[in-house]
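The values are calculated or read from the model by the stated rules, or taken from the named source; none is laboratory data. Model, not experiment: these values are computed from the prediction. Backbone-built Cβ (ideal geometry, glycine too); neighbour counts: all protein chains shown. Keep in mind that these areas ignore ligands, DNA and RNA; they rest on the heavy atoms of the full protein, side chains included. Shrake-Rupley method; radii C 1.70, N 1.55, O 1.52, S 1.80 Å.
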Protein chains: 2
Amino acid sequence: MDAIDVIVTKRDGGELSGEQIAWVVDAYTHGNVAEEQMSALAMAILLNGMNRREISAWTEAMIESGSRMDWSALDRMTTDKHSTGGVGDKITLPLAPLVAACGAAVPQLSGRGLGHTGGTLDKLESIPGWRASLSAAEMLDVLRATGAVVCAAGAGLAPADRKLYALRDVTGTVESIPLIASSIMSKKIAEGTSALVLDVKTGSGAFMKTVERARELAATMVDIGRDHGVRTVALLTAMDRPLGRAVGNAVEVTESVEVLAGGGPADVVELTVALAREMLAAADLPGTKDPADALRDGSAMDVWRKMISAQGGDPSAALPVARESHVLTAPATGVLSTLDAYGVGLAAWRLGAGRARKEDPVSFGAGIICHAKPGDHVTAGTPLLTLYADDPARFDRALEALTPAIKIGGAPDLLPLIIDRLR
Amino acid sequence: MDAIDVIVTKRDGGELSGEQIAWVVDAYTHGNVAEEQMSALAMAILLNGMNRREISAWTEAMIESGSRMDWSALDRMTTDKHSTGGVGDKITLPLAPLVAACGAAVPQLSGRGLGHTGGTLDKLESIPGWRASLSAAEMLDVLRATGAVVCAAGAGLAPADRKLYALRDVTGTVESIPLIASSIMSKKIAEGTSALVLDVKTGSGAFMKTVERARELAATMVDIGRDHGVRTVALLTAMDRPLGRAVGNAVEVTESVEVLAGGGPADVVELTVALAREMLAAADLPGTKDPADALRDGSAMDVWRKMISAQGGDPSAALPVARESHVLTAPATGVLSTLDAYGVGLAAWRLGAGRARKEDPVSFGAGIICHAKPGDHVTAGTPLLTLYADDPARFDRALEALTPAIKIGGAPDLLPLIIDRLR
């Protein structure tokens, strides 16, 4: 096998064989295919595509580059969710304990935020004492004790994906659906879940800006799941406006706890329950307790508290609050027609809730609370958003991002919260 | 400026600005754009193309990465030729002294062979004592004294091209007409010639297998020359069969000397004279001596002897002869309908005339003499080709390449020697 042959095959629009894919991913992982060769191949894949057979083989090769987790020792079915990321997307926080409360096991390996979208681990780390890094044995212990675990992926899981993602990030080759889909699915399949629900977001605050691209990504991931024996369903959901009212880290934990207490914003509750039902159905547990009941009766909250405690966190502790706040009032009276997700995400990032580079810290207290949602009537001069930051110098640039993100007057033209379902 | 922005612009089918091109080529040359970023960009260029403005800017940036030679101290017009390479293509050897004998100065920076096509410097180095490396001052001395110099390009000439070519070679990004054209033209323009004739070959033994691709490459290079004030003409010429009868190093020098002595194979003479006339016309010297006369009257041979001597070579010395030879006889009686250039080139390479890696030595005596050319009548059992090699173990693999390259019977379907002219 020769790297140039593999590159030239894809460059010229050909189909890569299973042997070529297995070889090139393995050789790249071990440093026998150079970074500059893999980036040329990634660009050829981005521009010329891969078919279903190639994408499944590519995913398989990335899984094979590392270890695969095994939950057969559990007496419960495993089921998980993956979101492609958005603004205010704290859904994993109420969802994992909720699904566990309904009888399934949720072994979720999660990530940190980069850019304008937040990361589940960053949010959970705002809880004093909570730690993201667990060994496989610790994960199994937490799962057995509570039914749900959310932690960081270890270095042994799909190392090819880790290396390839870092390369794509600096070579303009991130935006390839075959490469995005195989990256996500290689980690989720290696994680060992038997059922998987994908929350593929679309809109300004999502990675996929159009419904068509989101649908293509969702369909590609569902195919990969199916090809690897994981029962996979995808929901296409709205990310044209923020999800819920809180955007940040600690503020999103607070909102999640409200949902677990039976309250919280309607959209967060609706999406959490819908995803929980999909996760239970995919795990063949549809006859157990309904998720809406588990939010009302406190059983999901019980799992949440146990799950946080099991990872060293204090579920009763006060959460970090930013040192400074700034209230943005409504500039006019009328219907809030637009509260653009990307603008709000960018503002929260600039306030310190997100990071620009992987090694940067995040501010747990920074973020935004939205006092109105699109469609609400607002009155000029009354609070629209409250901004939180440790450093007041950050408000100006956050406000710059928010100004064009807010429009008052006219009916809002919003995506339905749940746009479609693919399986 | 940011490398990812440049890559994404081209990836998405956009046009690179002059600033983007100047920046990315300069930053790459200085190591501030990584190899893996440049290879992704090269693949995007290969697949999405560049327009004339971008190609000229890219060429300019590669020229600007190094020094530019200056022949204004000469009292003659400079004119040069570049061939895209072929099998038996020794044309530079008789051509450079011939054009000098007709009144122009020929400052040719040439290269070594790689793969199945030979290199002018390898051929000349088979002359005892001749050396390829000259300083700029030595080049000027030889040019002043003889009117022609053929030598290796120094490291200061278009270093961006040198670095980029090595990268393209291992990343499947060689076959891009904008990148091939700018690579060739950056070196020729930096070489400082005022007029340039391109010999763009097409056919099995050429880099461009089809007339359409050759025409596209030729037109692209003519445009670049024009955009940089170099009077540029291109001939599209045949490389479906070997040029002349000799393929190798010393054997090609011998054939070149035959041409300079007024003899030699008709196709080599025809192409040499046609290119010489083009070089003189491009240099605005059409009224001087006709090249056909300069071959007949010995004046081109006089320049050749001076030129070889001026670079340390002995034009009267015996040339290296391979230790072993093998005669391949005609397998049937009839018209030789095919003598495929690629097969003959591959065989000569396997005999030792070419190199597989840049650092390999070549065998000066190895090569092939063709006793018949396509269209000739041959008789079964009489010599068709003589193969030369230092190691007789090499004959078998050379013969394997030759067997499918020879067909007897039926009228040959050959390209015209000179297919077209572009300016």
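Note on the stretch B:364-389: residues that are within 30 Å of B:Val170 (Cβ to Cβ) and open to solvent by 20 Å² or more (accessible area, probe 1.4 Å) amount to 1.
When B:Met139, B:Met185 are checked against the criterion of being in contact with a strand residue (DSSP E or B) (Cβ under 9 Å, 6 or more places away or on another chain), under 19 Å from B:Ile21 (Cα atoms) and away from chain A (no Cβ under 13 Å), B:Met185 stands alone in meeting it. Looking only at the stretch A:194-207, filter to residues that are open to solvent by less than 10 Å² (accessible area, probe 1.4 Å) and assigned to a loop (DSSP other than H, G, I, E, B); which one of those is nearest to A:Gly111 (Cα to Cα)? Within the stretch A:194-207, the match that is nearest to A:Gly111 (Cα to Cα) is A:Ala206.
I want to confirm something. Restricting to the stretch A:283-329 and keeping residues that are surrounded by fewer than 16 Cβ atoms within 10 Å (Cβ to Cβ) and basic (Lys, Arg), which single residue is farthest from A:Val233 (Cα to Cα)? So, considering only residues that are surrounded by fewer than 16 Cβ atoms within 10 Å (Cβ to Cβ) and basic (Lys, Arg), the one farthest from A:Val233 (Cα to Cα) is A:Arg323. The lone criterion from (1) modelled with pLDDT under 95; (2) at negative phi left unmet by A:Gly192 is number (2).
Residues that are more than 16 Å from the chain's Cα centre (by Cα) and basic (Lys, Arg) within the stretch B:54-85 comprise B:Arg68, B:Arg76, listed in sequence order. Of all the criteria given as (1) under 30 Å from A:Glu36 (Cβ atoms); (2) among the charged types (D, E, K, R); (3) in a loop (DSSP other than H, G, I, E, B), the one not satisfied by A:Arg131 is (1). When A:Arg11 is tested against (1) within 12 Å of chain B (Cβ to nearest Cβ); (2) under 30 Å from the mean Cα position of the chain (by Cα); (3) of a type in the set (D, E, K, R), just one condition goes unmet, and that condition is (2).
Just to be sure, is A:Asp223 open to solvent by 10 Å² or more (accessible area, probe 1.4 Å) and touching a Gly at 6+ places or on another chain (Cβ under 7 Å)?
On the way: open to solvent by 10 Å² or more (accessible area, probe 1.4 Å): yes; touching a Gly at 6+ places or on another chain (Cβ under 7 Å): no.
No: the conditions fail for A:Asp223.
Among the helices (runs of 4 or more DSSP H) confined to the stretch B:241-348, the ones with at least 1 residues that are in contact with a Cys (Cβ under 9 Å, 6 or more places away or on another chain) and under 28 Å from B:Arg76 (Cβ atoms) are located at B:266-282, B:291-296, B:299-310. A:Leu167 satisfies every condition listed in (1) open to solvent by less than 10 Å² (accessible area, probe 1.4 Å); (2) more than 14 Å from every other protein chain (Cβ to nearest Cβ) except (2). Taken over the stretch B:86-127, residues that are acidic (Asp, Glu) and under 11 Å from the mean Cα position of the chain (by Cα) amount to 1.
Any residue that is within 14 Å of chain A (Cβ to nearest Cβ) and either crowded, with 23+ Cβ neighbours inside 10 Å or in contact with a Gly (Cβ under 9 Å, 6 or more places away or on another chain) (or both) - is there at least one of those in the stretch B:208-215?
So in the stretch B:208-215, the residues within 14 Å of chain A (Cβ to nearest Cβ) come out as B:209, B:213.
Adding the requirement that they be either crowded, with 23+ Cβ neighbours inside 10 Å or in contact with a Gly (Cβ under 9 Å, 6 or more places away or on another chain) (or both) leaves B:209.
Taking every residue of the stretch B:208-215 in turn, at least one turns out to be within 14 Å of chain A (Cβ to nearest Cβ) and either crowded, with 23+ Cβ neighbours inside 10 Å or in contact with a Gly (Cβ under 9 Å, 6 or more places away or on another chain) (or both).
Does the stretch A:339-362 contain any residue that is in contact (Cβ under 8 Å) with a residue 60 or more places away in the chain, over 20 Å from the mean Cα position of the chain (by Cα) and open to solvent by 30 Å² or more (accessible area, probe 1.4 Å)? No: the stretch A:339-362 contains no residue that is in contact (Cβ under 8 Å) with a residue 60 or more places away in the chain, over 20 Å from the mean Cα position of the chain (by Cα) and open to solvent by 30 Å² or more (accessible area, probe 1.4 Å). In the stretch A:120-152, how many residues are buried (at least 21 other Cβ atoms within 10 Å of the Cβ) and small (Gly, Ala, Ser)? Summing the residues that are buried (at least 21 other Cβ atoms within 10 Å of the Cβ) and small (Gly, Ala, Ser) in the stretch A:120-152 gives 3. Of the helices (runs of 4 or more DSSP H) contained entirely in the stretch B:16-106, those carrying at least 2 residues that are within 14 Å of another protein chain (Cβ to nearest Cβ) and open to solvent by 10 Å² or more (accessible area, probe 1.4 Å) fall at B:35-48. Taking the stretch B:1-11 as the search range and keeping residues that are in contact with a helix residue (DSSP H, G or I) (Cβ under 8 Å, 6 or more places away or on another chain) and of a type outside the set (A, V, I, L, M, F, W, C), which one is most open to solvent (accessible area, probe 1.4 Å)? That would be B:Asp5.
Within the stretch A:396-412, the set of residues being over 24 Å from A:Glu125 (Cβ atoms) and open to solvent by less than 40 Å² (accessible area, probe 1.4 Å) comprises A:Leu399, A:Ala401, A:Leu402, A:Ala405, A:Ile406.
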